[in-house]
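Working notes for the structure below.
A short reminder: the numbers here are calculations on the coordinates, not readings from a lab. Bear in mind that the values here come from a model prediction, so they are computed numbers and not experimental data. Glycine gets a Cβ as well: all are built from the backbone with ideal geometry, and neighbour counts include every protein chain shown.
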Amino acid sequence: MDTQIRRLAFVIIGLFVLLFVQVTVLQAVRNDELVANPANAKRQIIQEYETDRGTIFASDGKTVLAESAISPGELRFQRHYPKGELFGHVTGFYSFVYGTSNLERSYNPALAARDESLLPQNLLDQLAGRPKVGASIVTTIDPKVQQVAVKALKGREGAVVAMDPQTGDILALVSHPPYDPNSLSSHDGTEIRRSWERYERDPAKPLLSKANEELYPPGSTFKIVTAAAALESGYAPDSMWPNPQTFDLPQTDNVLENFGGSHCVGGAAEISLTDAFTTSCDVTFAEIGMDLGPDAMAAQAQAFGFDQDIPFDVPYVDGHFPEDLGTDDPLLAYASLGQGDVAANPLQMALVGSAVANDGVLMRPRLVSQILAPDGAVLQTIEPVEQQTSVSSQTAAELTVMMERVVSEGTGTSAQIAGVDVAGKTGTAQHDLREPPHVWFVAFAPASDPEVAVAVVLLNGGGGGDEATGGALAGPVAKQVMEVALGGKRG
């Protein structure tokens with residue numbers, strides 16, 4: 001009898017050993033092979049779409065940017081974007097062919113109910129036979145500001161970013177042309193691929209946000225950085241500089257001229273830093289940049305967030321300022337004007353304007369403020385974060401006064417708002433001799449107690465041709481956005 005029991009025990013132990021080996025082979029050795037198996041891939045997708053994915057809200061906690069709905073097909077839930085294109089570059093898409101992007105990707109653990117904080121609720125749902133429900137996220141996007149930014153672009157290729165300079169909250173993030181995430185989140189694979197191919201063929205690259213993922217020469221809006229470097233280096237707003245009509249570029253036979261070949265302030269022999277800023281005098285700012293030198297210019301650009309890899313909730317390509325320039329390098333003159341190898345996008349320039357508006361402190365851009373449990377309870381609050389100090393409070397105050405003059409009597413009068421002091425800077429950036437310039441506007445308001453900072457770029461002249469300027473075309477866009485962000489005109 002004992003012999004039989006021992007034999008049975010050996011058989012059972014052997015079976016357990018074989019089972020252990022089999023599990024080990026499946027999990028460790030053949031894992032990649034099994035995952036790649038089309039049948040298992042389909043099962044994984046079906047399982048993933050069993051989760052009632054969390055909702056993405058606007059800042060009001062009511063406006064839905066993305067939600068899940070019951071699907072009649074094999075996949076239980078389908079992602080739906082009620083506003084379509086309006087918030088596409090904020091939410092991103094949720095596709096069983098191309099995966100996820102933007103907020104759908106960066107907050108996927110919470111949205112897909114995989115976050116550890118949702119484990120108790122997941123267990124209860126499993127016991128009750130209910131589908132798992134993901135957490136929701138509340139963004140900082142103001143739907144009204146987002147809508148007016150789209151309307152103000154009037155279908156022109158470009159982008160707008162509006163933010164609260166005191167918190168870093170992104171109030172609007174708009175890129176045109178847009179794309180519809182619904183077309184990529186369909187349950188029809190053929191439709192998804194057809195839409196993707198159409199977007200990929202479009203030379204305007206609608207899947208990439210011009211607001212935060214692509215770079216352009218910022219033109220004269222970068223003079224905010226150059227002026228800041230001068231003030232931080234000991235110069236004053238009333239410091240005087242030579243005012244020739246042209247500037248001989250070192251080591252070349254080329255000369256640099258002001259916009260339209262003009263001679264600033266009527267041809268006076270000297271010009272103040274403030275007057276040069278107000279009239280956007282290229283020759284003077286080339287002289288200023290050359291005088292300050294490449295190290296001071298690069299350091300100031302970095303203080304405003306250029307080349308700093310600042311964290312953001314969706315993909316962000318931070319601005320770039322070249323560090324390998326020599327003291328007598330003619331490219332330094334162009335870089336001081338936001339040309340040459342200097343590159344930025346509206347988010348980068350909104351950060352520059354916001355730092356000036358916020359007493360010199362650069363706030364980290366914030367696109368999500370809260371994560372909510374399925375029952376609406378707050379799981380996490382994402383607090384504002386001070387990223388770095390860009391300039392001293394004195395320099396910020398002096399720059400604010402200079403930027404106010406740009407709007408009150410300089411190149412940016414198109415951004416004036418009745419009853420509100422607006423601080424701003426225009427920009428017209430050459431980028432291709434065959435194309436009109438990109439036109440820019442950076443502003444914040446009210447200048448004395450800023451609530452909103454805005455950066456606008458219209459590509460290839462924004463319909464204004466070779467004579468397009470930031471003041472004429474981008475300024476009115478910034479004005480409309482600021483008016484809505486401030487709650488309408490203030491008389």
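Going by how many other beta carbons lie within 10 Å of each one, how would you line up 144, 83, fewest first?
Ordered from fewest to most neighbouring Cβ atoms within 10 Å, 144, 83 come out as 144, 83.
Kindly rank 356-362, 329-335 from highest to lowest mean number of other beta carbons found within 10 Å of each residue.
Ranking, from highest mean packing down: 356-362, 329-335.
Mind checking the dipole of the range 279-373: about its Cα centre, +1 per Lys or Arg Cβ, -1 per Asp or Glu Cβ, Debye to the nearest 20?
With only Lys, Arg, Asp and Glu charged at Cβ, the dipole is about 600 debye.
With the cut-off at 19 Å, report for the range 164-304 the share of all Cα pairs above it, as a whole percent.
66 percent
Could you list the GluC sites (Glu not before Pro) in the range 69-159 that lie in coil according to DSSP, counting only those with at most 15 other Cβ atoms within 10 Å of their Cβ?
Those that pass, being in a loop and sparsely packed, are 74.
State, to one decimal in nm, how far the label point of residue 191 lies from the label point of residue 257, with both points 7 Å from Cα in the Cβ direction.
Result: 5.6 nm between the two label points.
Over the range 52-198, what is the mean sequence separation of C-alpha contacts under 8 Å (at least six apart), divided by residue count, expressed as relative contact order in percent?
28 percent
Which aspartates and glutamates have a Cα lying under 15 Å from the Cα of residue 425, excluding residues fewer than 8 positions away in the same chain?
The qualifying aspartates and glutamates are 275, 282, 398, 404, 409.
Taking K and R as +1 and D and E as -1, what net charge do the other residues with C-beta under 13 Å from the C-beta of residue 81 add up to?
Its environment carries a net charge of -1.
For the cross-link pairs 144/479; 205/479; 144/223; 83/479; 42/205; 62/479, which exceed 22 Å when the distance is taken from alpha carbon to alpha carbon?
Over 22 Å apart, Cα to Cα: 205/479; 144/223; 83/479; 42/205; 62/479.
Order of 270, 383, 67 from fewest to most other C-beta atoms within 10 Å?
Least crowded to most crowded, the residues run 383, 270, 67.
For the chain, what does the helix formula give at 222 nm: sum of -39500 (n - 2.57) over DSSP H segments with n ≥ 4, over the residue count, nearest 500 deg cm²/dmol?
Calculated at 222 nm, the ellipticity per residue is -10000 deg cm²/dmol.
In percent, what relative contact order does the range 158-227 have, based on Cα pairs under 8 Å that are 6 or more apart in sequence?
Reported as a whole number, the value is 29 percent.
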